[in-house]
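Q: Pasting a structure here, questions to come.
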Amino acid sequence: MANHTAAIHVLKSKLQLSDDDYRALLVQLTGKASSKGMTATEQQHVRAHMQRLAERLGVAQPTTRRRPLTREQFDQVKKAASPRERKVWALWNQLARDGVLHNPSRAALNAFVERTVHVSALRFATNAQLDTVIEALKAWKDRGRA
């Protein structure tokens with residue numbers, strides 16, 4: 001819990017929030033005027049909100065996360081992805097919808113990419129490697145139907 005409290009106060013400084021504005025933000029998000037009186041979940045929510053604000057204002061670097069992407073984050077990644085990467089994601093998600101794939105996470109896809117073309121993540125794959133991954137996913141999809 002102390003990690004969230006410290007991070008919240010660092011973000012308060014980066015955002016240059018006055019004490020009144022900071023407390024108003026806390027009350028708006030959690031109904032509590034102090035980060036010390038919040039649960040760990042509430043602190044995490046406040047921290048994530050303040051981090052997004054800081055990133056939008058350009059006063060903080062995006063955090064590296066292991067958590068699943070939110071729909072908004074997924075849409076941003078999707079917009080930045082090449083057509084081949086989007087094709088890989090479409091096939092991957094189709095396998096999950098068909099019940100062939102049991103773990104549709106990004107980490108699982110990156111593990112599949114690493115096994116298939118020996119690149120640690122989808123974003124590092126070349127066009128030729130992406131074509132190989134696409135063909136492997138199509139073959140997997142065809143095997144799943146049989």
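Q: So which of LEU57, LEU25, LEU109, LEU17 is hydrophobic (A, V, I, L, M, F, W, C) and within 30 Å of ALA136 (Cβ to Cβ)?
A: Numbers: LEU57 fails: within 30 Å of ALA136 (Cβ to Cβ); LEU25 fails: within 30 Å of ALA136 (Cβ to Cβ); LEU17 fails: within 30 Å of ALA136 (Cβ to Cβ).
None of the other options fit; the residue is LEU109.
Q: Quick one: in the stretch 1-37, of everything that is touching a residue at least 12 places away in the same chain (Cβ under 8 Å) and of a type in the set (Lys, Arg), which residue is nearest to ALA48 (Cα to Cα)?
A: Once the filter is applied, the top-ranked residue is LYS12.
Q: Here's another thing I want to ask about it. Would the stretch 22-35 turn up any residue that is of a type in the set (D, E, K, R), over 23 Å from the mean Cα position of the chain (by Cα) and exposed (fewer than 15 other Cβ atoms within 10 Å of the Cβ)? Lay out the reasoning, then the answer.
A: Here is the first cut: in the stretch 22-35, the residues of a type in the set (D, E, K, R) are 23, 32.
Narrowing further to those that are over 23 Å from the mean Cα position of the chain (by Cα): 23, 32.
After this cut, where a residue has to be exposed (fewer than 15 other Cβ atoms within 10 Å of the Cβ) as well, the list is none.
Checked against the condition, which is being of a type in the set (D, E, K, R), over 23 Å from the mean Cα position of the chain (by Cα) and exposed (fewer than 15 other Cβ atoms within 10 Å of the Cβ), the stretch 22-35 yields no hits at all.
Q: While we're looking at this one, here's another question. Of all residues being of a type in the set (A, V, I, L, M, F, W, C) and modelled with pLDDT under 75 in the stretch 68-97, which is farthest from ALA128 (Cα to Cα)? Just the residue, please.
A: Filtering first and then ranking leaves LEU69.
Q: On to the next question. In the stretch 53-67, is there at least one residue being modelled with pLDDT under 85 and surrounded by 16 or more Cβ atoms within 10 Å (Cβ to Cβ)?
A: Within the stretch 53-67, one or more residues are modelled with pLDDT under 85 and surrounded by 16 or more Cβ atoms within 10 Å (Cβ to Cβ).
The values are calculated or read from the model by the stated rules, or taken from the named source; none is laboratory data. The shown structure was predicted, so the numbers you read here are calculated from the model rather than taken from an experiment. Virtual Cβ from ideal backbone geometry, glycine too; neighbours counted across all protein chains shown.
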